[in-house]
Structures are given as C-alpha cells and as structure tokens.
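Heads up, the thing below is written out as structure tokens.
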Amino acid sequence: MCGIVGYIGDKNAYEIVINGLRRLEYRGYDSSGIALYNSELNVCKTKGKVEKLVKKAKKNISLEANIGIGHTRWATHGEPNNVNAHPLISNNGSLVIVHNGIIENYATIKNELIDKGYNFKSETDTEVLVNLIEYVQETENVKLGKAVQLALSQVFGAYAIAVFDKKKPDEIVVARLGSPLAIGIGEGEMFIGSDVTPFLDFTRKVIYLDEGQVGVLRNHKETKFYEISNDSIISPNIETLELELSEIEKGGFDHFMLKEIHEQPKAIIDTLRGRLKLNKGIIKLSGIDNNLNKFTSANKITIIGCGTSWHAGLVGEYIFEKISRIPVEVEYASEFRYRDPIINPNDIVIAISQSGETADTLAAMKLAKEKGAFVFGICNVVGSSITRESNSGTYTHAGPEIGVASTKAFTTQITVLYLMALKIGKAKGIISNNVFNKYLTELNLIPEKIEKSLSFNNKIEEIADQIKDSTNCLYLGRGFNFPVALEGALKLKEISYIHAEGYPAAEMKHGPIALIDENMPTVVIATAKGHYEKVVSNIREIQSRKGKIIAIITKGDKDVKEIADYYIEIPETIESLTPLLTTIPLQLLSYHIAVKLGKNVDQPRNLAKSVTVE
Ligand code: AGP
C-alpha cells in the first residue's frame, strides 16, 4: 500500500512526480504529498487525493525544481490527515522522506529518540525513521547513503523509501525491504516509483531494487548500490520495459474496472498464447515442463493467496482434483503463515497473487520454502517480489490491473490453473487424449464466449437498477461455481459497500435461509450441469420465502428462466470451465450497482490495490 515517486534530473520534477502519483493512486488514496527542492525545500501535503494536492501545491509552493519526491498514502500509523501525510521532515529540517511499508519497532526507536531530545509532530512510523537517519548522520558524521544504511540496519519491518537532504540536493537515496521499488534510468536523470508506471513515458530501462538493497541516485553522476547488511557494492540488472502506455490508460471506458472487465477475452488470449497449442494438441508451460516430475509425483498441493487470488485457488482445488487427481488444500496466506503447516517432501505450494507484493502471501511462501516445499508462483506483475521468491512459476499475462477490484486477474489466474492441471493430468495419464483435446478446444473458445457474456451488459445494468437499494445480498453456487459465488459477493462488498455473502447453495438451509425475505436478493449460479436440479430446489426454497432471484443460467435453460425474477444466460461449455463465464455477469452487476450508487468504483474506500502490510 502507498505509492512513492521520485525524480532527479534536468526536467521539472513537479510534473513528473505529480503524474507518477496519479498513476500510483490505486495503491492508496487517503492523503498525498510532495517535496521539491529549488534553493529551498518546498513541501505540500493534504488529506485526500492527488488532484486536491495539485490545487493546494499550485497555490502554496514554487513548482520549479529538478529534484522531488511524492507519496500517495494508505494509512497504517495515524489517521489520514495533513500532518500524517508524507513526505515527512526530520527535526533539523534538512532530510525529507517518503515511505511505503511499516517500521515495526518504531515505538522503541521513537522513545530512544525522544530521550535524545527529538520531538515528533505526526503519529507515523516514518517520521521516526527520518529522524533516526538524521541522528545517525549527525552522530556518525557520515553521508546520507551511509546514514540510511546504518539506520535501516536498526529497524524491523517493511519499507521502500526515497529520502533526500536539502543540504546536498543532488542525490536521492532509496532502499527497500518487503515493499517494491523500481528505478528508471534516463539520460542524466533517475526516476523512482513503487512500480514502473511513473516513468513509462521517459525511459524503458529499469532496475527493480532487490530486498535489503540501498541505492544512491544522482543526476549526471554515477549511481551506487549497496547491500544494507554488509556494505558490499552491487551491480543490479538493468531490464528493458515492455509495458506500453496505452495499457495503463482508461481507453475510453468510464472506469478502469469496466475496461478490465471488457479486456478479459484479450487477457485470456494472452494467457493462452504460446501455451495452448491446439493444432499440436499440447500445452507448453515452461514452469511446469521444467518441473514435471515434481508435479506428477506431488503428494499434495497447498494453494495460498488472499482475497480474489484465494478464490481463484478454490477453483484450482476443484480443477486439480478433477483433472490431475492431486489432493489440494487452499489456505488464506495470512492464516498459513502463522500456523505450523505440515509440509512433507513432495509437497508443492502454489502462491497466487495479482500484484506479486501481498505481504501475507510473501511471508507464507517464505515459510513454505523454509519447510522444504517447492513453491510455484502464479503472478501477474512481472518482476514482482512473489515472482522472485518462487522456485518456479508462471505469469498470467493479464496486463496491468489498476481498478482495486480484481477482475481479469481472477479469470487469467484460473486459466493458468486449468493449463497446469491439464498438463499434469495428461502426464499422469489421468485424462485421455480425447478428454484433453476436448478441454483444449473449449478453453480456446472461452475468449469468444466471454465476449458473448459481456454483450448482456445493458440487461445487467437494468437488473442493477432493481437491486441497488438492497442492504444485503446472498450469492449461491455449487461445485466449481461455489468460489465464484464468494468472488461475486466480494466484488459487491468492496465497491458498492452492500453487505454480501457467498455460500455453497446447499448450505443455505443450514443458516442463511433465515435472512431471506422480499428485501434480500439472492444471486444464484445455476449452470446446466452443475448440480442443476438441486440448485433449482434451492431457488424454489428462496422463492417460497419471497426472496428475489437473479440467476446465472446456461443458454437453453428452461426451468430457472421461468422461475427467476431476472436471469443472465451464459454460453455452454464444459462444467469445470464455467467459472470463466459465470464470473463475468457478477463483475458487471457489482460494477453497475456501484456506479448507480455513486461510489468510487476504481478506488473504493479503505482499500488499496496491493496490500503490502499485514
Ligand atoms: C480483490 O478484488 C481485492 N481487491 C483483493 O481481495 C485482492 O485480490 C487481494 O488483496 C490479493 O491481492 P493479490 O492478488 O495482488 O495478492
């Protein structure tokens, strides 16, 4: 959470930092701030979003500068207000810092600094860090880079920081541990971002700073990188960016979420590209090809993730059991990391994450590795921490997902899980060539079937109008579509703030049925081959209690069509592939409800796109 940006060079730092903050706003949007230096230090901060900061900065500070840092915040320590907003300044007024992460032992350090005469204006852990750096700089009489390095060796927690000293405004010192930090290299200029989007317009050369490294970035001068722990000089890899600017723009859609929902056919084509080879009847997936034995002889797979990625893992459980006959457990990463999980030789842990930066997932992976598991990552963001922490893995190739509510990440994660399960199932001889080829043919048709599901957008908008004023909503599904019900409920909750629960359809009678009345709509996934008759009975039970039904049905359905208050038809496919289609109307339903309620769809309250804190 939180986005940090920085620039040092000959261009106007204000423009670069502000545009960078606009692009990183998905990471947090409680407050924002900027620090610029041009013969004096100018800091402007505000509660609220970047556009509010722009207005305030234009009125209050000089915007001419060749060095600057900025921050967009998702509050952890201290409520979102002007004082707790970053950047934060050290007691002598010289050092200024932006920080993404949490300093866990800040309270102890703060007390020590208070004893030494320091005072604090904010409630943040970051103000403690900048003062610790100042203290080290003054007492050890060292340069800023060294002071940062020494200070960081005293802290526990997670950080990506950018800090500069107004007494020496020709360098920005950056460091990271647990939070992402990308450095763009231009001609005589350096860019900093929590991801690469702030500098996409300026350079294609990027360094992803590694865990526990510090960098001293200078304009027109040599840049240096060190290991924080042992001072050794390092030469990080310079990678070439392939991301295009158009991929991070709204492209004519009102919201990123709507754009990303509509991008799913293309995203899945990209996931399948070069992997699903229909003509040859094979799946090529290098992460699996190179480790096929491990997968075919695996005793158990544990899938870990959070939120939507956890839901994708639940679909994965059904897929692996059916297609590869491997026992699967799906765990919330946040629970897994604090248990004492039993990992045996031959066990595989699959970590799923869109951002590749989710703190709980990362910690759970580290634990799994310590316990000897082979850890396989399914990730969207190239070069992210989770990809680097995995023993092997596969990218989803969904392209940047900017809307906080995950959409195309989910369907592409599931697509990867199908490819994996099919490849392993075939290698183990669980599925015949015929079945395998049938799956390949159907998977290949999924993008156009999603396109068809998207064409019901207007009808879904009308349904949204009918149910938008409900305060609660139930989502039911069975088998492969039970996790889709959970995901549908999560989508509604997070962007419309309507309380929603997902349940396995048959569980309804064990409790949730008590909630049903004319005011609580139920969204039921009733696909043709998914325990159809039983789900129809559940629908009738709801109707006898005056509950409204919104049903997701398969084209050609007759029964549910007649009894549901509203229905959306999805094209027919193999039952186990239906989550890729049933998800689409649920995403659109949540989207339209949120828009009709006037909610901020892309940046819902209290949330952030990548959760880099516990
Ligand atoms: C989904 O809509 C959420 N915003 C959230 O649950 C998300 O899926 C979760 O935080 C995990 O993120 P990751 O996939 O980047 O690890």
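The values are calculated or read from the model by the stated rules, or taken from the named source; none is laboratory data. Keep in mind it's a predicted model, so treat the numbers as computed, not measured. Note that each Cβ is placed from the backbone with ideal geometry, even for glycine, and that neighbours are counted across all protein chains shown. Side chains are part of the model used for accessible areas, which takes the heavy atoms of the whole protein and leaves out ligands, DNA and RNA. Shrake-Rupley method; radii C 1.70, N 1.55, O 1.52, S 1.80 Å.
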Shape of the range 220-367 from its Cα gyration tensor (a ≥ b ≥ c, root eigenvalues): rounded if a/c is under 1.5, otherwise prolate when a/b > b/c, or oblate?
oblate
Angstrom value of the Kirkwood radius, inverse mean 1/r, which spans all Cα pairs in the range 472-592:
13.8 Å
So if I take the centroid of the Cα atoms in the range 59-102 and the same for the range 567-591, what is the distance between those two points in Å?
44 Å
Taking θ as phi - 60°, what are the ³J(HN,Hα) couplings along the range 371-386 by the Karplus curve (6.51, -1.76, 1.60), each to the nearest whole Hz, with x for Gly and Pro?
7, x, 6, 8, 9, 10, x, 10, 9, 9, 7, 5, x, 6, 4, 5
Under a crude label model (7 Å from the Cα following the beta-carbon direction), how far is ASN290 from ASN81 in nanometres?
5.2 nm
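Based on the alpha-carbon gyration tensor of the range 316-368 and its eigenvalue square roots a ≥ b ≥ c, which shape applies: rounded if a/c is under 1.5, prolate if not and a/b is larger than b/c, or oblate?
On the way: a/c = 2.25, a/b = 1.41, b/c = 1.60.
Oblate, since a/c reaches 1.5 and b/c is not below a/b.
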Put ILE386, ILE342 in order of accessible area, largest first, probe 1.4 Å, and you get ILE342, ILE386
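For the range 311-426, what is the Kirkwood estimate of the hydrodynamic radius, computed as the reciprocal of the mean inverse distance between distinct Cα atoms, to one decimal in Å?
Details: mean 1/r = 0.0700 Å⁻¹.
Hydrodynamic radius (Kirkwood, Cα only) of the range 311-426 equals 14.3 Å.
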Cα-Cα over 22 Å, subset of LYS49/LYS250; LYS11/LYS166; LYS366/LYS408; LYS493/LYS596; LYS56/LYS250; LYS266/LYS452
LYS366/LYS408; LYS56/LYS250
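How big, on average over all directions, is the shadow cast by the Cα convex hull of the chain, in nm²?
Values: hull surface 111.6 nm².
Dividing the Cα hull surface by four gives the mean projection, 27.9 nm².
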Would you grab the residues whose amide H sits under 5 Å from the one on ALA75? Only those 5+ places off in sequence or on another chain, please, with H modelled 1.01 Å from N.
ASP30
Can you list the residues of the range 67-102 with backbone N under 19 Å from a point 7 Å past the Cα of GLU138, pointing along Cα to Cβ?
88-97
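Set the Förster distance to 56 Å, then compute FRET efficiency between ASN92 and PHE253 from the Cβ-Cβ distance, nearest 0.05. Numbers along the way, then the final one.
Details: r = 48 Å, r/R0 = 0.86.
Efficiency, rounded to the nearest 0.05: 0.70.
Do you know the relative contact order of the chain, to the nearest whole percent, from alpha carbon pairs under 8 angstrom that are 6+ apart?
Numbers: 1412 pairs, mean separation 71.2, N = 614.
Once divided by the residue count of the chain, the mean separation gives 12 percent.
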Helix-derived [θ] at 222 nm for the chain: sum -39500 (n - 2.57) over DSSP H runs of at least 4, divide by residue count, nearest 500?
-11000 deg cm²/dmol
Karplus-derived 3J(HN,Hα), 6.51/-1.76/1.60, for each residue of the range 194-207, Hz, glycine and proline x
5, 9, 7, 4, x, 10, 4, 6, 10, 8, 9, 8, 9, 10
Apply 1/(1 + (r/R0)^6) to the Cβ-Cβ distance of ASN237 and ILE282, taking R0 = 41 Å, and write down the FRET efficiency to the nearest 0.05.
0.80
Can you compute the modelled spin-label distance between ARG204 and SER297, with each label point 7 Å from Cα toward Cβ, in nm?
4.4 nm
To the nearest 10 Å², what's SER194's accessible area with a 1.4 Å probe?
10 Å²
Can you classify the range 231-284 as rounded, prolate or oblate using the Cα gyration tensor, where a ≥ b ≥ c are the square roots of its eigenvalues, rounded means a/c under 1.5, and otherwise it's prolate if a/b beats b/c and oblate if not?
oblate
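Please give me, ordered by residue number, the trypsin sites (Lys or Arg not before Pro) of the range 114-166 that lie in loop per DSSP and have at most 11 other Cβ atoms within 10 Å.
Numbers: sites: LYS116, LYS121, LYS143, LYS146, LYS166; in loops: LYS116, LYS121, LYS143, LYS166.
Those that pass, being in a loop and sparsely packed, are LYS116, LYS121.
Please compute the Kirkwood hydrodynamic radius of the range 1-157 from all pairs of different C-alpha atoms, in Å with one decimal.
On the way: mean 1/r = 0.0639 Å⁻¹.
One decimal place: 15.7 Å for the Kirkwood radius.
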Grab the Cα-Cα distance for LYS558 and GLU211, subtract it from 0.36 nm times how many residues apart they are, and report the gain in nm with one decimal.
119.2 nm
Please tell me which of these pairs span more than 27 angstrom C-alpha to C-alpha: LYS423/LYS449; LYS423/LYS561; LYS121/LYS168?
LYS423/LYS561
Does anything in the range 199-216 have its amide N under 13 Å from the 7 Å Cα→Cβ label point of LYS366, and if so which residues?
211-213
Test item: Cα-centred dipole of the chain, Lys/Arg +1 and Asp/Glu -1 on Cβ, debye
920 debye
Looking only at aspartates and glutamates whose Cα falls under 12 Å of LYS146's and that sit 8 or more positions away or on another chain, we get GLU134, GLU138, GLU227, ASP231
How many angstrom lie between the Cα centre of the range 296-324 and the Cα centre of the range 376-431?
11 Å
Check which residues have an amide H placed less than 5 Å from VAL613's amide H, if you skip close sequence neighbours.
ALA359
Testing the spin-label approximation: label points 7 Å from Cα along Cα→Cβ at GLU244 and HIS510. State their distance in nm.
5.0 nm
